[in-house]
Structure formats: C-alpha cells, structure tokens
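The values are calculated or read from the model by the stated rules, or taken from the named source; none is laboratory data. Given the structure is predicted, the values throughout are model-derived calculations rather than measurements. Cβ sites come from the backbone with ideal geometry, for glycine too, and all protein chains shown count toward neighbours. Note: accessible area is taken over every heavy atom of the protein model, side chains too, but ligands, DNA and RNA are not part of it. Shrake-Rupley method; radii C 1.70, N 1.55, O 1.52, S 1.80 Å.
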Amino acid sequence: MENESMPRTLPAVALRGIVILPGMIVHIDVTRKRSQFSVDRAMMGDRELFLTAQHNPKTEDPEQEDLYYMGTVCRIKQVTKLPKNVLRVLVEGISRGEMLRLVKDEDGLEAEISVPDMEEEMSASLRTAMLRNIKSLFSDYIRENDNMSRDAADTIMMSDDLTYVLDQISLQVQLPFEKRQMILEAPTLSDYYETLGMILLAETEIMNLRREISMKVKERVDKNQRDYILREQLRVIREELGEDTTVNDIENFRRSVKSLRAKKEVKEKILEEIKRLENLPAMSPESAVLRGYVETLLALPWDKVTRDRADLAAAAEILDRDHYGLTKVKERILEFLAVRQLTGKGAGPILCLVGPPGTGKTSICRSIAEALGKKYVRLSLGGVRDEAEIRGHRRTYVGAMPGRIAAGLKKAGAKNPLIVLDEIDKVSQDYKGDTASALLEVLDSEQNSHFEDHYVEIPLDLSEVLFVTTANDLAPIPGPLRDRMEIIEISSYTENEKEHIAEEHLLPKQMKANGLKKGQLAISGEAMKLVISGYTREAGVRQLERRLGEICRKAARRVLENGEKKIEVTRDNLQDFLGHEKYTVNPVNGSDEVGIVQGLAWTSVGGVTLEVEVNIMPGKGTFLLTGQLGDVMKESAQAGISYLRSVASEHGIPENFFQENDIHIHIPEGAVPKDGPSAGVTMATAMYSAVTGRKVRADVAMTGEITLRGRVLPIGGLKEKLLAAKNAGIRKVLIPEKNRNDMEEISTEITEGLNIVYVSSMEEVLAEALA
C-alpha cells in the first residue's frame, strides 16, 4: 500500500502521449525549455520529478486544466544530452501523485501534490478471490498474446500479493496512454482491480478477433499461393508440350520494344506494362485488356516516318493527272513541298477545302498523299458526336479503344501521314462532349506535338501530320476551330471544266467499271455538252458520272445482245440512252419588254438566271411579293421601292402614283425557295420599268445589292452567276464596281462573249439596262 503524505511541491513535466505507472523504468525525450528547466531543478534537489500527461498532445504551453490531475512521482536515474537541444531522461515511477495546484513561473513548472492512500479494508477471502480472478484473466491474455515474456508471466502467476500482481500486470500489458491513465486514476484497490480486469477482458477479445481475421487472411493467401504454384506448374507443362504461347508472347513483346523506334520514356512505359502482363494469370480478364493495350502501344509509329517526295515536277504531274482544275489546292501543296525541301523541316499545314458536293475535295486528298509520298488515312466525321471518338476511351471502361486520330496513325504506320478529316462541318455534340472542341488540340500546330489520347496515355506527336479537312459550308464550324485552319474555297465547275473532267477521267473510269474496252464506246462533243446541260444540274460532277455510267451500261448490253463492236453516242441518239432532257436553260426573251428583268442567282448546284416580273395595277398602294421569297429578299424589294419613291419627281413619276396603284413583284418557279440581297438592283430595275413604262433590254442581266440611296453593293458567287448568264445567251452583265477585283480570278473561258459592265449606282444600272 502507498503511504499517505502531506502535500509537497515538486518540479513538474507535462508528457505528450505517454503515461508512466509506478514501478516503470522508461526513457523520455524532453524538448520544451520549461520541461528541461524542471529536469535541471530536480537534478539540483533530490532528483524527484512529477510527471503527468496532457489531454491534447498538440498543446504546446499547457495550463493546469490541460493536464490530467493524477500523475506519477518519479526519480531521475540518468540524464543524457542529445543533438538539437534534446534531453533524454531515464526515470523510475515511485508512486501515484494527485496534483492539487500547478505553479507556472518564468522558467519552469512546479506542482503541489499529495500521494493518495489506496488502502482499504477487505476480507482475506475477497482478496484471494480477486487475486485468482485477475490471474485467470491474465492467463487468457497471455494465451492470445504470443509476444508476452513467459518468464515475467510466470513470476506474476507465482506471486500471492494482490497489489504486486496488479502493478506487474499493468506494466506488462501493452496499452494506449488513455487506458494507462484510467489505471492510474483508480482511487482504491477495488477500483484498481475492476479497471484492470475490464481492460484485460477487452484486450483479450480484441486479440482473439485479430487472430480470427489473420487466420482468414492466411487461408486466402495460402489458397492464392496454391493457385499460383499450380498455374506455374501448368505453364511449365504447357511449355514442355509446346502449347503455351504466353511466355513466347512476352518475349516477342520485349524484342519488339528493342526494335521499336521510340523515345526512352515510351519504351520504359511499354516495358512496365509488359512486366505487369507477365505477372497476371493468363485467364484473368485484366490480362486480355492489358495485352490489347501493349499491342496497341507497339503498333503505334512513335518515331517512324516516311520520306516525302523531293521531285516538285513529279508531284505536280501526279496532281494534274488525277484532277482537272483545283488550281489553288495544287499550288498550296507544291508550296508546302518547296518549303520542306528548302528548310529540311516544317510543320504540315492544316488545310480546309470548302466547296459544294461533288467538286473533288475528298478525291484530291488521295492524289495529294501520292504526290507527296505520304501514307493516306481518311476519317469521316459526319455525325460524330462523342468526344471519345477523337480522344479515345479511358482504359477503365469495358471495350475501351484509342480515338480515331491514334487509330489513324496506327493504320498509317508512320508519324507523318496525310490525314483527311472528311465532312468536318457535320460534327455535332451531345451530353458526351463536344467533338469540335476536342478537335481544337488536334488542329493546333502549337499544341498537337503533345496530343493526349485517353487510351494511349502517352503524348502523341501530331506536328508532322498533314491534316486536310473538307466541308460544304463554313457556317456550322465553330470560330476557334475555323481559325486554326487555312481555308481554300473550291467553286463550282464550269461546263468546259466538266467536259474536260468527263472526257479525261469519268468516262474512262466508267468504261472500265462496266467492262468496256477502249474504242467500244465514243461520245461526241455535242452529246457530252448536252449530257452536262440537259441531264445534270449540279456544282460538282457526281450526277454527271452517274449519267455516263448509265450510258456505259446500256452500251455494254448492246455489245452483248447485238454484237456491236463500236457504239457512238451523238446528240441525236442521246435520248435512246438517257431519255428525255430533265433540265432546260431559260433562254433570253426574244424582245425587250416592260417590267421583266433577268437577274442572276447562286445556288448550291451552281448559278441560275432569275427572271423578275412586275405588274402595276390600280389600287390603294398595296405592295405584293410572291415566289416563295425569303426575309432578306423581301427587305431588298422594300429598299428598292423606297429608293424609287425618293427619286420619283426626278423621273417624272406622279406624286400620288404609289398611293393609287398596287405593285406586284413575282419571281417564277414559286416552289423553289429564294433568298439573299443580290437581286436588289434587279427588282428595283423591274419596278422602275413597270412604273415608267420603259422597256428593259432582253440581253441584259444584272446582280447586286441595293441601298436606300441607290448605291450598288458587292455580291458573292460571281463565277457561277456569269456562267449562268453565258449559258442563257446574255450579252451584257451588270455587276457591282466593288467586285472588279474578283474578276481577275475568273478565267477568260467564262467571260468570253460577255460584255461586263461595272456599276456603282442605280442611275448607272438604269442607263445600261433600259432600251
């Protein structure tokens, strides 16, 4: 039993995360200056020190309420100075100590303490029962704890002193400092016994559960180990029988990495994945996924390139051989090739070919690849709306695969192919992402040298890829994406160009496709022109190729059925092959008329003439517009009549004319929608003619936007409009003065026979158009 003592004052040290029990001998490291001063003060006295634990170990400067009231009076046995101003103190617990008051001075801590008296009266039989019970609990604890010292346990079990047994068990059992503090704060021997007993029961149960968990884990590990050994034995047996390919595949993969033309980082990544594959069971689902990933990485052309063609003349010859016209595209490709030869380097341009369907945008890309000596890959983007189509799927998903760009490089087998992104204006977006935004990195020469594919997970270098995109319309393409591309517009073909294309390319192609030999079919020039003008109406040549294919099929039948050796198609017998003409060109009127003017319009299939009719009728000033006109065209008509009313007095038109008469503007082919501002001068001229009664020349056509003040503004589609005027027999064409520069790009083949007059105001238009 501990003897009761009067209160006394001792140097105090606050402990963090540790509780010292009476009888313990332990080292503590003292780092705080106050605590070190308390140690020094104890060393100068009788070496006794009061140690108590903090509630929160993180408190740096504890007050009395931050400390447990019950601590331990200890004797310092040794003090050692360590580096970084640390004192290592060896102390021995002497007795419990209850802190009555904490004194905190400038240098250290002192505590006024008293030693509690744990003595209580109890019968010998009760003491014996408590002793036996605590030994039984301790025995159970020892059975579950293999780390317990057997000698120390035997010593405890042989003792008959209850206090000694309780103290020794408290010292031997490994407990957290909170439970040690509970033991320390037990006020009587009975409380001491109950507290320690509950702790032993809880610790024994915890160790029992840990043992059960360990046994289950060990069983699983043993089973996995057994399965692994069996699999290894099976693999060896298969190797002996020559049936196992996994080992051979791993070796083949490693040999492929050695011969792979790639950077060191890429090879290291692939080798890591091969090592993972080697350690996986052959029948594991992850093994199949990882094998596909390794095969993809090995198939990509990391640093493998093809040599570009160095002969400019040969490249130009190939481009001219396969396609007629398309001058701008051919010039840009030859410029790129010339720069590459002079500098020995140069990032591939990112071109966007924009034009109507059937003008050869996609087909010339294959010729460009052949002319440059590059591998050719075509990716159709029409209807693509998932970002993963471009960037690939992450490998965590089932059925993941690389994106179309990475797959295209894999297919090409070189890092510098020509990749055609076809129909880039047809991409869309949905909840899975924006495809056009994913293309921003691909088509940016400043960023695509480190293109991240989600599946590959290693940056791909796209800087040497020659990207060519195609589109029918620039409007749907987002601005940032359009800004990254070099736009080359491909306009409609003229009839002369179509004739050349048909004779040099389409007809030989269709004859070969339908089994006709050279000389078995001949189409005269007049017949070819009639096929172009009477049986097709398009900007490109797809319909023309179908019509020629139809002629070839009928010719092939005649060769087989009638035995004809040569079939000639002329203008007279063309109807036997293609039937009646499907399209006719509206000829000019035979004579000058009032209120009828020939306009020019651009459509997706080329240029057309547009006849504007105006009638004046007595009425209340109603203004009628018919012919399925769009909003912009209606506004142009309003601007035209407003201009006429503003200059009515200058041209002898009565002041009340527009209030007493109705004006009706009609543009024939009412089932065809029409829109755009370029018919403004045409409608204004027709209204002026109808109002004044002056005739308009039948051989004059015009195009241009009109303003309220009568100025004529520029228009687009000039080439197609002039071609339509020529086909219709027009002799004089009025075009805006501001379109004069555009005429330099139009060949003389189109303008030959046309009198082009540049106008800048309605006064000039009326002077040229009126008879």
Within the stretch 759-771, how many residues turn out to be in contact with an Asp or Glu (Cβ under 8 Å, 6 or more places away or on another chain) and either surrounded by fewer than 16 Cβ atoms within 10 Å (Cβ to Cβ) or among the small types (G, A, S) (or both)? 2
Residues in the stretch 322-344 that are in contact with a strand residue (DSSP E or B) (Cβ under 8 Å, 6 or more places away or on another chain), open to solvent by less than 80 Å² (accessible area, probe 1.4 Å) and of a type outside the set (F, W, Y): how many? 2
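May I ask you to list the residues in the stretch 93-106 that are open to solvent by 50 Å² or more (accessible area, probe 1.4 Å) and either closer than 11 Å to F50 by Cα or assigned to a strand (DSSP E or B) (or both)?
Taking the stretch 93-106 first, the residues open to solvent by 50 Å² or more (accessible area, probe 1.4 Å) are 94, 98, 100-101, 104-106.
Within the stretch 93-106, I94, E98, L100, R101, K104 meet the criteria.
Residue-wise test of (1) open to solvent by less than 80 Å² (accessible area, probe 1.4 Å); (2) under 28 Å from D167 (Cβ atoms).
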position	(1), (2)
R8	no, yes
P22	yes, yes
R34	yes, no
R41	yes, no
T59	yes, no
T72	yes, yes
I76	yes, yes
P83	no, no
V91	yes, yes
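Residue-by-condition table, conditions (1) modelled with pLDDT under 90; (2) among the basic types (K, R):
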position	(1), (2)
K518	yes, yes
G525	yes, no
K529	yes, yes
G534	yes, no
V541	yes, no
R547	no, yes
So, first residue acidic (D, E) in the stretch 261-283, second residue surrounded by 12 or more Cβ atoms within 10 Å (Cβ to Cβ), Cβ within less than 8 Å, six or more apart or across chains; the pairs are E265/I458; E273/L290; E273/Y293; E273/V294; E273/L297; E278/I250
Of the conditions (1) hydrophobic (A, V, I, L, M, F, W, C); (2) within 22 Å of G355 (Cα to Cα); (3) open to solvent by 10 Å² or more (accessible area, probe 1.4 Å), the single one that F658 does not satisfy is (2)
For S649: the one exception among (1) of a type outside the set (D, E, K, R); (2) open to solvent by 30 Å² or more (accessible area, probe 1.4 Å); (3) under 59 Å from the mean Cα position of the chain (by Cα): (3)
Number of positions in the stretch 377-412 that are open to solvent by 80 Å² or more (accessible area, probe 1.4 Å), in contact (Cβ under 8 Å) with a residue 60 or more places away in the chain and part of a helix (DSSP H, G or I): 1
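Counting just the residues of the stretch 506-534 that are more than 15 Å from N496 (Cβ to Cβ) and of a type in the set (A, V, I, L, M), which one comes out nearest to the chain's Cα centre (by Cα)?
Among them, the one singled out is A513.
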If only one of A438, A471 is open to solvent by less than 50 Å² (accessible area, probe 1.4 Å), within 29 Å of G373 (Cβ to Cβ), among the hydrophobic types (A, V, I, L, M, F, W, C) and in contact with an Asp or Glu (Cβ under 6 Å, 6 or more places away or on another chain), which one is it? A471
Can you tell me which residue is modelled with the highest pLDDT among those in the stretch 730-750 that are open to solvent by less than 20 Å² (accessible area, probe 1.4 Å) and in a helix (DSSP H, G or I)? N739
Considering residues of the stretch 110-138 that are within 27 Å of A202 (Cα to Cα) and hydroxyl-bearing (S, T, Y) only, the residue farthest from the chain's Cα centre (by Cα): S125
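Take the conditions under 15 Å from E464 (Cβ atoms) and crowded, with 18+ Cβ neighbours inside 10 Å and apply them to I368. Does it pass?
Considered against the rule, which asks whether it is under 15 Å from E464 (Cβ atoms) and crowded, with 18+ Cβ neighbours inside 10 Å, I368 comes out as no.
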Out of the residues in the stretch 208-234 that are closer than 17 Å to P281 by Cβ and hydrophobic (A, V, I, L, M, F, W, C), state the one that is surrounded by the most Cβ atoms within 10 Å (Cβ to Cβ). L234
The number of residues in the stretch 296-321 that are at pLDDT 80 or above and either open to solvent by 50 Å² or more (accessible area, probe 1.4 Å) or under 24 Å from S491 (Cβ atoms) (or both) is 13
Quick test of your reading of the structure: D483 fulfils all but one of (1) without any contact (Cβ under 8 Å) to a residue 40 or more places away in the chain; (2) surrounded by 15 or more Cβ atoms within 10 Å (Cβ to Cβ). Name the failing condition by number. (2)
Between a residue in the stretch 199-216 that is closer than 11 Å to E144 by Cβ and any residue that is open to solvent by 90 Å² or more (accessible area, probe 1.4 Å) and at pLDDT below 85, which pairs come within a Cβ distance under 9 Å, given they are 6 or more apart or on different chains? E203/Q174; T204/R143
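Out of the residues in the stretch 345-365 meeting the condition of being among the hydrophobic types (A, V, I, L, M, F, W, C) and outside any loop (DSSP other than H, G, I, E, B), tell me which one is surrounded by the fewest Cβ atoms within 10 Å (Cβ to Cβ).
The initial filter retains those residues of the stretch 345-365 that are among the hydrophobic types (A, V, I, L, M, F, W, C), namely 347, 350-354, 364-365.
Retained after the next criterion (residues that are outside any loop (DSSP other than H, G, I, E, B)): 350-354, 364-365.
On the way: I350: 19, L351: 21, C352: 24, L353: 27, V354: 22, I364: 24, C365: 25.
Here the residue is I350.
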When residues of the stretch 119-144 are filtered for being buried (at least 16 other Cβ atoms within 10 Å of the Cβ) and either in a loop (DSSP other than H, G, I, E, B) or hydroxyl-bearing (S, T, Y) (or both), how many remain? 1
